[in-house]
Structure formats: structure tokens, C-alpha cells
Amino acid sequence: MQTSLLSRRRFLQAGAVTSMMTAASWSRVYGANEKLRVASVGVGGKGWSDLNGVAASPYVSVIALCDTDESKNFMGRAAEKFPAAQRLTDWRRLLDRAKEFDALTVSTPDHMHAPIALPAMQLGKHVFCQKPLTHTVFEARQMRLAAQKNHVVTQMGNQVQSHEAYRTAVKLLRDRAIGKIKEVISWQSGKLGWMLVDDRPEGSDPVPETLHWQDWLGVAPERPYKTKIYHSFNWRAWQDFSNGQLGDFGCHILDPVFMALGLTAPTTVRGESSPLNREAWYRWSVVNYEFPGTDLTVDKTLKLTWYDGEGKLPPADRLGLPVGFKLPASGSLLLGENGSLLIPHVDVPRILREGGKDDAKFEKVPSVDHYTGWADACRGVGKTTSNFDYASALTEAVLLGTVAIRLPGQSLQWDTTKLRFTNSPAGDALLRKTYRKGWEPVWVS
């Protein structure tokens, strides 16, 4: 019989001591050289690089590995590199051993981020969670509340934030290198390598012996296993597991814009896309946001437009650049009072003056380590930059775009304080989701 994720009683029993421990108290309680005991959920794919990134800290000890796939490229190689770590296939059993670890990395498909991270934080565990932070807008708000209530150190896995390219872009904008900002245009025109079909295929295939399919599905509705359709990479195509191209890249590409300008939640969002059913995501989309202005914007509001889809770049006449100007495959262009700033995804920004001419007179800001920085902060050394206060707001904006895409042509008015649309009950219904019976999370009140 399936059991619920974790009861409140179990939270209190297992987390009574650990939830009292803040990062600031770490060095006083354990000593500055004490190892941070880390458990990792999801150790293949992006989880492999997350695991190794955190483990690179000399102050980290990897004590547990959890993955629903026990094959060579998932649990196999992780166990080979960290042979002393416990091995589990069910993350709920890991949380049963809460006293054995201090911090958790969550690198699963999007639909399992909040269901795993929330109870971990309620047990007083520090959490590193992949982007987008959650699968729904409501979950994003819950992640922020849980981090605040339990005084844990958090970091979202939008690691490009710590790269010199994005750090330099943020400094240039804050220094008003192009003056105040009038408008932002962002895009991701790369291939949708995970979009193999446009609707759920019929039938089922044998589940590999190494894959625990029911645990992989987790909170998602029951569906049969199909080879190469969901696990291990192509889950990004499906609404039950991901948020499409905007969900996959928005928390990267929009991050330096949010951080530099100090953006908060949008007030209005409107979307359109290729034909969409209830199963698979779209092949292209356009989302129009309007945000409250800040000290770094020209007007009291700021327009931001997102484009995605293979080969789908912003219209040239929107950019104010010369004919033939070659844009990067993904990035942002910020139109300012005194020129524009082009922020390619994971590349050095470019200041563009009149006629699209480069102004290269700026210094790069050195990269920092997104992973070991989180581990250090867990030990009371420094602070994280993509903590769940910040990351939940960024994720909220991104996921509001994915709501608007499913209600094409509607101008949705957003009230972030009340966590609802003022003009769309249909939109409100998409802020949450239904969880498989026996897998329902325990929410923060």
C-alpha cells in the first residue's frame, strides 16, 4: 500500500533538532572544519554535474545517493565514484534517515522538485534544487515559505548566474552602462531535441529492470512506460513533468535581467503558441510580460517579450539593430537610453551603440562557484545568490508565462500578493495541480 510522503508527526520527530539549526549557527555547533553531510536525489544527467559540483568542496561528504534508475549512467557511476555513500531508489526512505545528513540536492524532473524539497526543508535540511524551482506557481510560493520558516540555506540550480558572462551583464546594467532600460526582448531558438512526438503514444513497453517506474512517476498521474518517450531526457516534452522550453530556459535567460533590474512579479502576462493539447508542450511560443518599473527602468512599467521555438528569433524590427546583425541562438537584448546590451546565453555581453557598433570598454566580473558557494553558505560562510526568496519570484514569472500559453490571447492580470489572477478563473486553475493519491505533499501553512 502506498504511504503518504511524510506526515506532520514524522516531520516533528525527525526534524525537531535539525530545524533549529541555522547556517549562522553551523560553525558554533559543529566547528568550522566539520564536513557538510550531503545527500543527492537524482544523480544522472544534470544530477551528475550537480552532485560533482557540490562534492568539489573539501568540506562536503556525500553520504547518500538516491535515484530511480540503477543503471550504469545513473546510480552506477555515482556509486562507483562515491562508494561509501548509501544507495536508495526511493527518496522517501532517504528522508526517514533525516538525522544522517544535513543538506540535499534535488536534480529530478521538474514535477518532483517541490515534493522532495518541501519535506526536506520541513525537516531542517538545506536544499539545492534544479531549475525551474517548481512545476507550478503555487509550489514556488510554498518553497519560499518553507525556506523562510525553517531557516535553511537554499540555492536554485541556475548556475549560469555565477558565470562571468551573467555577472558582468548584471554589473553593466546596474552601473547604467546603457542608461535606464526601456524594453527587454529575450529568446531561445535552439532545437527541441526532446520533442519526439506531439501527443501521448498508445500502448506500453517493458519497464527496464533497473528502472523503478512508479517512483519515477512520483506525484504525476499514472501512465504506462514507453521507451525513449519520458525517461531519461525527453520528459521535458510533457506537461505532467515539465514546463516546456520556457520552463527549461527561462530561469537561465531571464535571470540576469531580473537580478540586475530588481524585477518582481509581472502584473500582466499574455501568451500564444503552436497548437497545444493536454499532453505535450508547444513547439514555439511568444509571451508578453509587463512588470512594475524599478529605479533602472525608464517608465513605471517594463515590457518584456519572450520568444522560443527552433529557429524562432525575435523580429528584426523590434531590436533596433542593423540589417544582417547576427543574434546568438539564445539570450536577451535590453534596449536602453544610450544603446543596447546584448546578453548571449553563457557568453560575454556586448554593449551596442548606434548602428550596432560594439563598445568593448568594460571589465569582466570573475565567475564564482555556484555549487561550493551553496555548501559554504550551509556552513555559515557567505551567502547564496539564488536562494528561494529570489528563485521563487523568478520561477513564478516564468511559470506564469506557461499558464498564459495555455490560455492564448488572454491578457491575464496577476495579483502576486493574493496569488491569483484578477480576471481569469481558468488561469487560477492552472496555478496548482492534482497529485497522485498517496503522494500528496504536506504544505506550509
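The heavy atoms of GLU337 present about 100 square angstrom of accessible area, all protein chains included, probe 1.4 Å.
Accessible surface area normalised per residue over segment 188-270 is 38 Å², counting heavy atoms of protein chains with a 1.4 Å rolling probe. Whole Å is fine, so just give me how far the alpha carbon centre of segment 319-353 lies from that of segment 370-402. Between the Cα centre of segment 319-353 and that of segment 370-402, the gap is 26 Å. For segment 132-249, lysine pairs with C-alpha atoms less than 24 angstrom apart, excluding pairs fewer than eight positions apart on the same chain, total 4.
Is segment 32-171 best put as rounded, prolate or oblate by its Cα gyration tensor, with a ≥ b ≥ c the root eigenvalues, rounded for a/c under 1.5, and otherwise prolate when a/b is larger than b/c, oblate when not? In terms of gyration-tensor shape, rounded.
Using R0 = 45 Å, the C-beta based FRET efficiency linking VAL348 and SER274 works out to 0.85.
Length available on full extension from ARG420 to LYS228: 0.36 nm per residue minus the Cα-Cα distance, which gives 65.5 nm.
Between the alpha-carbon centres of segment 248-309 and segment 167-230 there is a gap of 16 Å.
Within the chain, the selection of entire DSSP H helices by a Cα span of 24 Å or greater along the long axis and an average Kyte-Doolittle value of at least 0.0 returns 388-405. Label segment 155-201 by shape, choosing from rounded, prolate and oblate, from the square roots a ≥ b ≥ c of the eigenvalues of the Cα gyration tensor; if a/c is under 1.5 it is rounded, and otherwise prolate applies when a/b is larger than b/c, oblate when it is not. Prolate, because a/c is 1.5 or more and a/b exceeds b/c.
Taking a point 7 Å out from the Cα of ARG174 in the direction of its Cβ, the residues of segment 253-297 whose backbone N falls within less than 12 Å of it are 259-262.
With all protein chains in place and a 1.4 Å probe, the accessible surface of the chain carries 51 percent carbon and sulfur.
Compute the Cα gyration tensor for segment 341-390, then decide on rounded, prolate or oblate, letting a ≥ b ≥ c be the square roots of its eigenvalues: rounded whenever a/c is under 1.5, prolate when a/b is larger than b/c in the other cases, and oblate in all that remain. Since a/c reaches 1.5 and a/b is larger than b/c, the shape of segment 341-390 is classed as prolate.
With the charge dipole of segment 325-403 set up from +1 on Lys and Arg Cβ and -1 on Asp and Glu Cβ about the Cα centre, the Cα lying farthest toward the positive end among the listed residues HIS345, GLY355, VAL368 is that of GLY355.
Listed by chain and number, the aspartates and glutamates whose alpha-carbon sits under 15 Å from that of LYS418, ignoring those within fewer than 8 places in the same chain, are GLU139, GLU396, ASP428. Considering only ASP90, ASP175, ASP248, the mean-square fluctuation computed in a Gaussian network model of the chain, springs between alpha carbons under 10 angstrom, is largest for ASP175.
Computed with a 1.4 Å probe over protein heavy atoms only, the accessible area of MET259 comes to about 40 Å².
Our summary gives the chain a relative contact order of 22 percent, counting only alpha carbon pairs under 8 angstrom and 6 or more residues apart. Between VAL207 and PHE362, residue separation times 0.36 nm minus the direct Cα-Cα distance comes to 50.4 nm.
The values are calculated or read from the model by the stated rules, or taken from the named source; none is laboratory data. What you are looking at is a predicted structure, and each value in this text was computed from that prediction instead of being measured. Neighbour counts run over all protein chains shown; Cβ positions are idealised from the backbone, glycine included. Only protein heavy atoms, including side chains, enter the accessible area calculation; ligands, DNA and RNA are left aside. Shrake-Rupley method; radii C 1.70, N 1.55, O 1.52, S 1.80 Å.
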